[in-house]
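For reference, the structure is listed below as structure tokens.
Computed from the coordinates by the stated procedures, all read-outs in this text should not be read as laboratory data. The shown structure was predicted, so the numbers you read here are calculated from the model rather than taken from an experiment. For neighbour counting, all protein chains shown are included, and Cβ atoms are generated from backbone atoms with ideal geometry for every residue, glycine included.
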Amino acid sequence: MTVPTTGTPSTNPTLAAWVDDWVSHCQPDAVHWCDGSPAEYQEMLRLMVHAGTAIPLDASKRPNSVLVRSDPGDVARVEDRTYICARSQSDAGPTNNWTDPEQMRATLRQLYAGCMKGRTLYVIPYSMGPVGSPIAGIGVEITDSPYVVANMHTMTRVGTRVLEVLGDSPAFVRGMHSVGAPLKENQPDVPWPCDASNKYITHFPETREIQSYGSGYGGNALLGKKCHALRIASVQARDEGWLAEHMLILKLTSPAGEVRYITGAFPSACGKTNLAMLIPTVPGWKVETIGDDIAWMKFGPDGRLYAINPEAGFFGVAPGTSMQSNPNALLTARANSIFTNCALTTDGDVWWEQMTEREPASLMDWIRRPWQPGCGRKAAHPNARFTTPARQCPAIAPEWEDPKGVPISAMLFGGRRAGVVPLVCEAFGWQHGVFLGSIMSSETTAAAAGKVGELRFDPFAMLPFCGYHMGDYFAHWLKVGQRTSPDKLPRLYYVNWFRRDAENRFLWPGYGENSRVLKWIFERCTGGGAAVQTAIGTVPAPGAIDTEGLAIAPGAMEELLRVDVPGWLANCEQIDTHYARFGDRLPQALRDELAALRRRLTAVVG
Ligand code: GTP
Ligand code: SPV
Ligand code: MN
């Protein structure tokens, strides 16, 4: 039986056979091959509005934009339902869920049987990175969700040109996705179909495959993002000698016009989008955006690491985003955007916590209930997001789509730490920097289902995203550092915007004021920046962070840069436990770094 098909099916034999197999297994009513055109995007919005998934926002306030409210059981990534199905469990390592790949395939094959009845199967050919760039990678996602198609249009480069570049090659990442909600004949659809209690986000790294079932939300369903560009790509990067990282990329220009490119790895909802779009408070400095979530980095012919942003849009955290905290993000999302799990204003716009100084007098909250200030509930879900095209960002750097990437001078590692970790600290060298990345810890956020505010180790902000054994990942980072001369490697930094005082208030104002830290890092990269060596690394000398015009409590700067020796010694105990998880796959160099840190700390205590 042939299924009615629209669009232009690929003649790539591997791709055609793969799609045919899923079509006959999932039994959709129709098949559509996506071309990535604006008309196709509009058709997805129309379908979502028609199905009650989306409502159009007032076109005078938010042109060509919609609000989508998900099922309350499907609001974030689900780490406990995410699997790395490597052939050998030891290759998934202690930080990933694992099931035997054949067993997992069988489980999912059963769930996928007839799972698209009553729906359309969409085939989305996409490129992560500028189409045809030597650093870019191609994937194809099958999905039964128009919401996923629309989001992929914005977040990746979708369409016919991708298939042309792919040609007859079998080298594409295969991503299979279903919301897991087939429709019986005449069964009315729900606004957000999903199989909330039965989600699987699974990866088969050896065959570069992804199979996702049951969720329609974010990184669970937009397979180009975390599943491909991080979990599968991290495995490709290990095999081929490059880096696929959970990092923002920014361009920093000094008052003299000198440019440096900086990346930063912060865990989910810990400030990447904000730093990437920051407006410096230090006069004369400029920050422009290259990427806000993922960086792919390869060595250039000059021996330096070059980064591209594999994405084409931002899937940003809405709550906390305001014209004060991140005007560039709000201006990016002024049109052509999809808002998910935000509140709806009485005049047809979106709202979320801290968006405006004064809360609106009444709203419809993200679960469609009336909302008033003081009602005791949040109007937007804490992981409410906007999907918006990167090219609309007022701060986007002109070279953001340069196929050769931008040369990286510094990399930041950071998380949410109420204590112990200072505002900024520079690594003594690459190996020490890899050590700092490997011991990163952060309080959990609403970006993933589960408890918020619990401290956990999140090495390189990759805990939920590394597609192989984390001990091997550390070894890979160490190896990357040996591939070029030390002076060509980026300098590595550990930062923390989230240190708190005794009253639990943030000591550091953050956001645009983070430019003061970027300025010091720029100076360090260009031969300046007064610094002192401490047991944990090199920190700014007193007065080296420019505090001109900064409103900050007396003594706060000293506290922010203070090395808390007892705190760090206690931290070392926790690192012992953290490291023990990796067994003999923990590189000896990192064990040595930990021992050296202990020695230096003990020497301070005397
Ligand atoms: P993902 O998209 O989940 O990977 O998140 P992200 O790392 O891009 O985080 P984002 O920039 O969206 O920030 C998440 C939350 O942290 C928002 O509520 C921000 O307002 C808040 N935030 C960002 N930067 C700072 C900062 O410098 N200081 C403080 N106190 N909060 C910040
Ligand atoms: C993150 O959680 O780090 C995100 C959002 O960037 S999601 O795409 O849902 O993973
Ligand atoms: Mn992220």
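Kirkwood Rh and Cα-based Rg: tell me the resulting Rg over Rh for segment 509-606, rounded to two decimals. Could you put the intermediate results ahead of the total?
On the way: Rg = 16.6 Å, Rh = 15.8 Å.
My calculation puts Rg/Rh at 1.05.
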Handout entry: Those lysines that a straight Cα-Cα span of less than 24 Å connects to Lys519, excepting residues fewer than 8 apart in one chain
Key = Lys251, Lys272, Lys286, Lys488
Completion exercise
proj_area_mean for segment 117-183 (convex hull on C-alpha atoms), units nm², value 4.6 nm²
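May I ask you to give the average projected area over all directions of the convex hull of the Cα atoms of segment 148-226, in nm² rounded to one decimal? All intermediate terms of the calculation are to be shown ahead of the outcome.
On the way: hull surface 27.2 nm².
Directional mean of the projected Cα hull area for segment 148-226 stands at 6.8 nm².
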Exercise for the section: Give the span of segment 321-397's Cα atoms along each principal axis, as three whole-Å numbers ordered largest to smallest. Expected result: 42, 23, 22
Exercise for the section: Report the charge-dipole magnitude of the chain in Debye, nearest 20, computed about the Cα centre from +1 at each Lys and Arg Cβ and -1 at each Asp and Glu Cβ. Expected result: 540 debye
Handout entry: Where only alpha carbons of segment 461-519 are counted, the Rg and the Dmax (Å)
Key = 16.8, 47
Exercise for the section: Go through Leu222, Gly257, Val158 and say which Cα lies farthest out towards the positive end of the charge dipole of segment 148-277; charges sit on Cβ, +1 for Lys and Arg, -1 for Asp and Glu. Expected result: Gly257
Practice task
Would you mind listing how long segment 517-558 runs along its three principal axes, going by Cα atoms, in whole Å with the largest first?
Solution key: 28, 23, 12
Handout entry: Taking all pairs of distinct alpha-carbon atoms in segment 539-581, Kirkwood radius in angstrom
Key = 12.8 Å
Practice task
Quantify how much of the Cα-Cα distance distribution of segment 451-590 extends past 27 Å, in percent.
Solution key: 36 percent
Practice task
Could you grab the relative contact order for segment 428-495? Cα pairs under 8 Å, six or more apart, rounded to a whole percent.
Solution key: 38 percent
Problem - Cα-based reach from Lys225 at 14 Å (exclusive), listing aspartates and glutamates while leaving out same-chain residues under 8 positions away - result: Glu141, Glu209, Glu245, Asp292, Asp293, Glu311
Exercise for the section: Give the whole-number value, in cubic angstrom per residue, of the convex hull volume spanned by the C-alpha atoms of segment 288-425. Expected result: 139 Å³
Exercise for the section: Kindly give the semi-axes, whole Å and largest first, of the ellipsoid equivalent to segment 362-415, taking each as the square root of 5 times a Cα gyration tensor eigenvalue. Expected result: 39, 16, 9
Practice task
Set the Förster distance to 22 Å, then compute FRET efficiency between Arg368 and Asn97 from the Cβ-Cβ distance, nearest 0.05.
Solution key: 0.05
Fill in the blank from the handout: 1/(1 + (r/R0)^6) with r = Cβ-Cβ of Phe428 and Arg334, R0 = 35 Å, i.e. FRET efficiency to nearest 0.05, evaluates to 0.20
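Once you keep just the Cα pairs under 8 angstrom separated by 6 or more residues, what percentage relative contact order results for segment 52-167? If you can, show how the numbers build up before the last one.
Working: 123 pairs, mean separation 18.1, N = 116.
RCO, segment 52-167: 16 percent.
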Problem - Between segment 148-199 and segment 457-525, the alpha-carbon center distance in angstrom - result: 34 Å
Practice task
Sort Met440, Met247 so the one with the fewest other Cβ atoms within 10 Å of its own Cβ comes first.
Solution key: Met440, Met247
Problem - Cα convex hull of segment 295-335 - mean projected area over all directions, nm² - result: 4.2 nm²
Handout entry: Helix 101-112 vs. the chain, principal-axis angle (Cα, 0 to 90°, nearest 10)
Key = 50 degrees
Fill in the blank from the handout: With Rh as the Kirkwood radius over Cα pairs, segment 563-606 has Rg/Rh of 1.01
Practice task
Take the Cα atoms of the chain, find their three principal axes, and give me the spread along each one in whole Å, biggest first.
Solution key: 79, 56, 42
Handout entry: Partners for Lys184 among lysines (Cα-Cα distance below 30 Å; same-chain residues under 8 apart left out)
Key = Lys117, Lys199
Practice task
Can you run the Rg to Rh ratio on segment 277-361? Use alpha carbon positions and the Kirkwood inverse-distance Rh.
Solution key: 1.08
Fill in the blank from the handout: Quick shape summary for segment 201-318, equivalent ellipsoid via Cα gyration tensor, semi-axes whole Å in descending order, reads 29, 19, 8
Practice task
Work out which GluC sites (Glu not before Pro) in the chain are exposed loop sites (DSSP not H, G, I, E or B, at most 11 other Cβ within 10 Å) and give the longest gap free of them.
Solution key: 1-184
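Divide the volume of the convex hull of the Cα atoms of segment 1-109 by its number of residues and quote the answer in cubic angstrom per residue.
So the per-residue Cα hull volume is 185 Å³.
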Practice task
List the equivalent ellipsoid semi-axes of segment 33-174 in whole Å, largest first, each obtained as the square root of 5λ for an eigenvalue λ of the Cα gyration tensor.
Solution key: 30, 22, 16
Practice task
Apply 1/(1 + (r/R0)^6) to the Cβ-Cβ distance of Glu43 and Lys184, taking R0 = 25 Å, and write down the FRET efficiency to the nearest 0.05.
Solution key: 0.50
Problem - Relative frequency of Cα-Cα separations exceeding 19 Å in segment 95-249, percent - result: 54 percent
Handout entry: Angle in degrees between helix 588-605 and the longest Cα principal axis of the chain, rounded to the nearest 10
Key = 40 degrees
Completion exercise
The correct pair for segment 359-483, radius of gyration to one decimal and Dmax as a whole number, both in Å and from Cα atoms, is 19.9, 59
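Take Lys225, Lys61, Lys286 and order them by how many other Cβ atoms sit within 10 Å, fewest up front. Mind showing how you got there, number by number?
On the way: Lys225 26, Lys61 14, Lys286 17.
The fewest-first ordering by Cβ neighbours comes to Lys61, Lys286, Lys225.
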Completion exercise
Per the helix-only model, the chain has a calculated mean residue ellipticity at 222 nm (DSSP H runs of ≥4, -39500 (n - 2.57) each, divided over all residues, rounded to the nearest 500) of -7500 deg cm²/dmol
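Using only alpha carbon pairs under 8 Å that are at least six residues apart, calculate the relative contact order of the chain and give it in whole percent.
Numbers: 1368 pairs, mean separation 84.9, N = 606.
Relative contact order comes out at 14 percent.
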Practice task
Using Cα centres only, tell me the gap between segment 349-407 and segment 569-606 in whole Å.
Solution key: 40 Å
Problem - Where the Cα pairs of segment 202-266 fall when distances are cut into 10 Å bins, in % - result: 19, 37, 25, 13, 6, 0
